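Chemist: One structure is given below, represented as structure tokens, and several questions about it will come after.
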Amino acid sequence: MGQAAFKHITGTAAGTRTTSQVFECWQDLGAHSNKRSVRVFHLDQQLQILSMENSEKTEVVLLACGSFNPITNMHLRLFELAKDYMNGTGKYKVIKGIISPVGDAYKKKGLISAYHRVIMAELATKNSKWVEVDTWESLQKEWTETAKVLRHHQEKLEASICDPQQNSPVLEKPGRKRKWAEQKQDISEKKSLEQTKTKGVPKVKLLCGADFLESFGVPNLWKSEDITKILGDYGLICITRAGNDAQKFIYESDVLWKHQNNIHLVNEWITNDISSTKIRRALRRGQSIRYLVPDLVEEYIEKHNLYSSESEERNVGVVLAPLQRNTTEVKA
């Protein structure tokens, strides 16, 4: 204890105090010190608990594949509903959302160019802090199975975490500086490996609506091994729509029933029946779509006159790419 504090307690600087008074002052100081120690201890405990909770949670990236023809407010709501649900379980932490528009080779009726669909998706997510658009699937010359798209994004995540070279300096000069740079690189590699072991790689999960889930039952639209891979290796987060009985559909499918623990059904209590099909129909009839799609998307559609009776006839009579491929393989 410093002299100033000692003088304050004993009163040697300004009048004398009795022994009992001095003892009481010591008790007060000790009590104050103990309270402060208890507060620090409780804070440490809370930080440790918070750290444990975060370390135990599995980080998740939500991936939505589809036509987005055009993207609607409902598409964006799927991400928010899924994020709230997954975070609310206490087991997961959603860190990113990815919109992956399908390529033109999908050959769906009324499907406009991927170029425009990607731009509209980017406009729709312009102000989002966590949902982004990925162009990889849309740029493929041939239609790409959803299972392969999931694998692509999972491998991309693993590469970004496990690659220690991303932050490594470019070594040009030999000698002592080079040796120090090599030591720093070794340290960064060790830290990267430790983080990979403790934190783990984020898991990609497929985000969809109930109609997507029910499409698993359409003959030759999906390969059975792809359904197994999607459900077994990645998992599904399905937002139920009004009029859909997803739970019953899972019960009636042996494959879905087998992987039901990896299918997360999210009830949409605020019903919203917006769909791209209805948006296109309204546009063909000259009706307003305001408040059904983001404002920037509406402006883009009007500017380029994207949807009309003519555009809806695109790919008419053409067999959908997955049906064509899977049917051919079955016959072979």
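The values are calculated or read from the model by the stated rules, or taken from the named source; none is laboratory data. Only a predicted model underlies this, so the values are computations on that prediction, with no experimental measurement involved. Cβ placement follows ideal geometry from the backbone for every residue including glycine, while neighbour counts extend to all protein chains displayed. Ligands, DNA and RNA are stripped out before the accessible areas are found, and what is left, the full protein with its side chains, is counted by its heavy atoms. Shrake-Rupley method; radii C 1.70, N 1.55, O 1.52, S 1.80 Å.
Chemist: Skipping prolines and chain starts, which residues have an amide H placed within reach, meaning under 5 Å, of the one on Ile237, given they are 5 or more residues away or on another chain?
Modeler: Result for Ile237 returns Leu206, Leu207, Cys208, His264.
Chemist: Given contacts defined as C-alpha pairs under 8 Å and at least six residues apart, what's the relative contact order of region 214-332, whole-number percent?
Modeler: After rounding, I find 28 percent.
Chemist: Using a ≥ b ≥ c from the Cα gyration tensor of region 254-332 (square roots of the eigenvalues), is it rounded, prolate or oblate, where a/c under 1.5 gives rounded and otherwise the larger of a/b and b/c decides, a/b for prolate?
Modeler: Oblate shape, in that a/c is at least 1.5 and b/c is the bigger or equal ratio.
Chemist: Then there's this: If each of Thr271 and Lys303 carries a label point 7 Å out from its Cα toward its Cβ, how far apart are those two points in nm?
Modeler: For the pair Thr271/Lys303, the computed spacing is 3.7 nm.
Chemist: Report the local net charge at Lys107: Lys and Arg +1, Asp and Glu -1, summed over other residues whose C-beta lies under 12 Å from its C-beta.
Modeler: Numbers: positive: Lys108, Lys109, Arg314, Arg325; negative: Asp104, Glu142.
Within the 12 Å Cβ shell, the charges total +2.
Chemist: Now for a separate question. Report the label-to-label distance for Ala105 and Asn220 in nanometres (one decimal), using points 7 Å from each Cα along the Cα→Cβ vector.
Modeler: It is 2.0 nm.
Chemist: Turning to a different aspect of this structure: Out of the trypsin sites (Lys or Arg not before Pro) in region 220-323, which ones are loop residues according to DSSP with at most 15 other C-beta atoms within 10 Å?
Modeler: Counting only loop positions with at most 15 other Cβ atoms within 10 Å, the trypsin sites (Lys or Arg not before Pro) in region 220-323 are Arg285, Arg314.
Chemist: Over the heavy atoms of Lys109, what accessible area does a 1.4 Å probe trace out, to the nearest 10 Å²?
Modeler: 100 Å²
Chemist: Give me the accessible area of Asp254, 1.4 Å probe, in Å² rounded to the nearest 10.
Modeler: Approximately 130 Å² of Asp254 is accessible to the 1.4 Å probe.
Chemist: Going by accessible area, probe 1.4 Å, with all protein chains left in place, what is the ranking of Cys162, Cys65, largest first? List each step's numbers first, then the result.
Modeler: Working: Cys162 70, Cys65 20 Å².
In descending accessible area the options line up as Cys162, Cys65.
Chemist: Let me ask you something else. Which entries of Lys107/Lys205; Lys108/Lys205; Lys83/Lys109 show an alpha-carbon separation above 29 angstrom in the structure shown?
Modeler: From the list (Lys107/Lys205; Lys108/Lys205; Lys83/Lys109), the Cα-Cα distance tops 29 Å for Lys83/Lys109.
Chemist: Further question: Rolling a 1.4 angstrom probe over the protein chains, ignoring ligands and nucleic acids, what is the accessible area of Trp257 in square angstrom, nearest 10?
Modeler: Answer for Trp257: close to 120 Å² accessible.
Chemist: Check which residues have an amide H placed less than 5 Å from Val94's amide H, if you skip close sequence neighbours.
Modeler: Here Val60, Asn87 satisfy the definition.
Chemist: Whole-Hz ³J(HN,Hα) for each residue in region 119-134, computed from phi via Karplus 6.51 cos²θ - 1.76 cosθ + 1.60 with θ = phi - 60°, x for glycine and proline: what do you get?
Modeler: Those phi angles translate into 4, 4, 5, 5, 5, 5, 9, 4, 9, 7, 8, 9, 9, 9, 10, 10 Hz.
Chemist: Okay, next question. How many angstrom separate the Cα center of region 104-147 from the Cα center of region 284-306?
Modeler: Cα centres, region 104-147 to region 284-306: 18 Å.
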